[in-house]
Structures are given as structure tokens and as C-alpha cells.
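Working notes, beginning with the structure itself.
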Amino acid sequence: MMAAVDFTLGSFAWVGISVLIATISLFITIFLHMVAQAFSLQNLTMWVKSEYAQVAVSFLIIFFAVGMQSAGGAVVNQVAAEIAAASGNLMLISNMPTPYDMGEAYIMKVVDCERKIYSIAYWLNVLTEPMSKISTEFLGAEGISGGALVGFVSFYHYIMNNLTYIILFNYVQYSMLLISKYAMLYPILPIGLVLRAFAPTRGAGGLVIAFALGFAFIFPFSYVLIVAAMPNTAYTMCNQVAVINNSLPLDGEQPCYNSRAGIREQEFKLKSHTQEIHGIVDYLQTVMGVLLLEAIVYPLVCLIITFSFIRQTGSLFGADLAEIGRGLIKII
């Protein structure tokens, strides 16, 4: 199993490979220069001279990547920790050393909160939905059912259906953080450096380098920054959700609906807790809005920031985004 890439030191085995490839490209350039001088090829001579600059840039990018992985990573870790501490977000503050770990721990706490909300809605629905479907006939007239409870049942179904997708989106965020943590600095970044060393694949290599650095540093840091900057409502809400989950009305009840007495008994129990259930429903409605914000808007903003970084820095690393875009359009 691949070991986790430490944000501060990490594995630098890729440096030797990248330097070797850049050196090979230098030797190829020197050889082509010799051929150009031997046969007086002016166009090749001009191209080789520009290629020397590209080889030098390849070595500079390797050194820059090493600095980002070591010193840059330490700076990002420190800044993220200070932002988390200053925000007062108790769900974000921890002894986690990197933005990756902060984001992963935060998402898992939010998912745990969402699971509790799902269990609350499920339990209330178990008690309510059968009563909404039972009807009683009086003197041969049309049956009277628990129509007043249909609204509650619809809302419980709405909560459970949306929570399924919200939890899925949170796990997508979690997976993106894991991919950024374990794959971007190694092997994606070395692949980009290798592609960057040769002229035919230089544009793709520059894009891969920008992509790797963006998701290795910008994406996790921006997630921590956004969570810290937003109002700290999730922690308070999740604490209240835990209280509700531990003190649900009719908790532990096993209603029996195979007799009229059992049906009437359950009906009266539900009516006796109507006010309390109304309060829970109103509160869950408020919580769902915050959870939708965290599951959809937060990662969307992070991706916008990350792709803006990739677009702005790709050209610095030699990426020809216009040519790559035209190639993708032709493929599509």
C-alpha cells in the first residue's frame, strides 16, 4: 500500500527520476545542436537554442516543486492551522497536521451529523407513515384517513432522499481530498515533469504540473479557508441534532397496528407529542439548508479557485491550453 505523502517532507524519490529525464533531454538537445552545426542547419540551430532555455526551465520547475513540497508545504500547514484556530470552529480545530487531515476530519464530523438527522427522520416516519395510511369508516360513509399526517410523511421522505445525495457529495469531497493527498505530489507531479522535459509533450506536461500543484496545495487549503470563514453554524446545529437524536419522542416504542385499540393508542401518543414534533421538523428544515450549502457550494467554490490557479499558472509551466482545448474539441 502506498504510504501517505507528508505535506511537509514527503517522499522525494521522484526528484531523481525527474532530474534524470531532464538531463536526458539536455543530452538530446546537445546532440541535435552538434548535428545542426555539422550540417549547417540554420532552422535546427535556432530551435536548439530555444530548447536550451526550455531545459533550464525544466530544472527550475523541479527545484520549485521540491521547494513547494518542503518549505511551501510547511507554510501552508502553519497558515491553515492559524486560520482554523482564529475561526473558533471547534469542528475544524484539531491536532491534524495538514489541511488534508483538517478537511477529512471536518467532513466526517458533518457526515456523522447527517447520519443522525437521517435516523431522526426515519424514526419519526416509522411512527407517522402507518397512521397516515390507515382509514376508518363510519356508518358506511367514505373512510377518514390520517390525511393531516401526510405533510409530515412527505417532509420525512424529502429529508431522507436529500440526505442520501448530500452524504454522497460529502464522500466525493472526501475522496477528492484523499486523491490530492496520495496521488498529486506522487506520481502525478513527476509524470508532468517528465512530459514537460520533451518538446512534443511539453504543453501537456505543463498542464499536468499545474493540475498537480493546484490540487495538492490550493484545493485543501481553500477548503479549510472557506469552512473557517463561514459562520460556525454546523457545530451548534450538530450538537442540537445529537440532543434530539438522544431524546426522540416515543423513543423505543414498538407500535402495534393489528388492532383498533393499538391504532387508537398510537394516534393519541402522536397527538400528545405534536408540538414537539413540529419543533423538530422546523429545526431539521433549517439544518438541511446549511448541509446543502456545505455539500454543494463549498466544494464548488474550492474547485473554482483551484481551476483558476491551474489556468493562470499553466502557461508559466509551458501548458498550451488553447491547443489542448482545440485537440479535445476535435476528439469530442
Quiz item: How far apart, in nm, are the 7 Å Cα→Cβ label points at Gln254 and Leu32?
Solution: 7.9 nm
Practice problem: List, in order, the whole-Hz ³J(HN,Hα) value for each residue of the range 214-224 obtained from phi through the Karplus relation with A = 6.51, B = -1.76, C = 1.60 and θ = phi - 60°; use x for Gly and Pro. | Solution: x, 7, 7, 10, 6, 4, x, 5, 5, 5, 4
Quiz item: Bin by bin, in steps of 10 Å, what percent of the Cα pairs in the range 143-204 do you find, going until the bin that has the longest distance?
Solution: 18, 21, 18, 15, 12, 9, 6, 2, 0
Exercise. Describe numerically, in nm with one decimal, the distance between label points set 7 Å from Cα along Cα→Cβ at Ser175 and at Gln275.
Key: 4.7 nm
Quiz item: Order of 110-121, 265-276 by packing, highest average Cβ count within 10 Å first?
Solution: 110-121, 265-276
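Read-outs: derived from the displayed coordinates by stated rules, not from any lab. Since we're looking at a predicted model, the values are computed, not measured. So basically every Cβ, Gly included, is an ideal-geometry build from the backbone, and we count neighbours across all protein chains shown.
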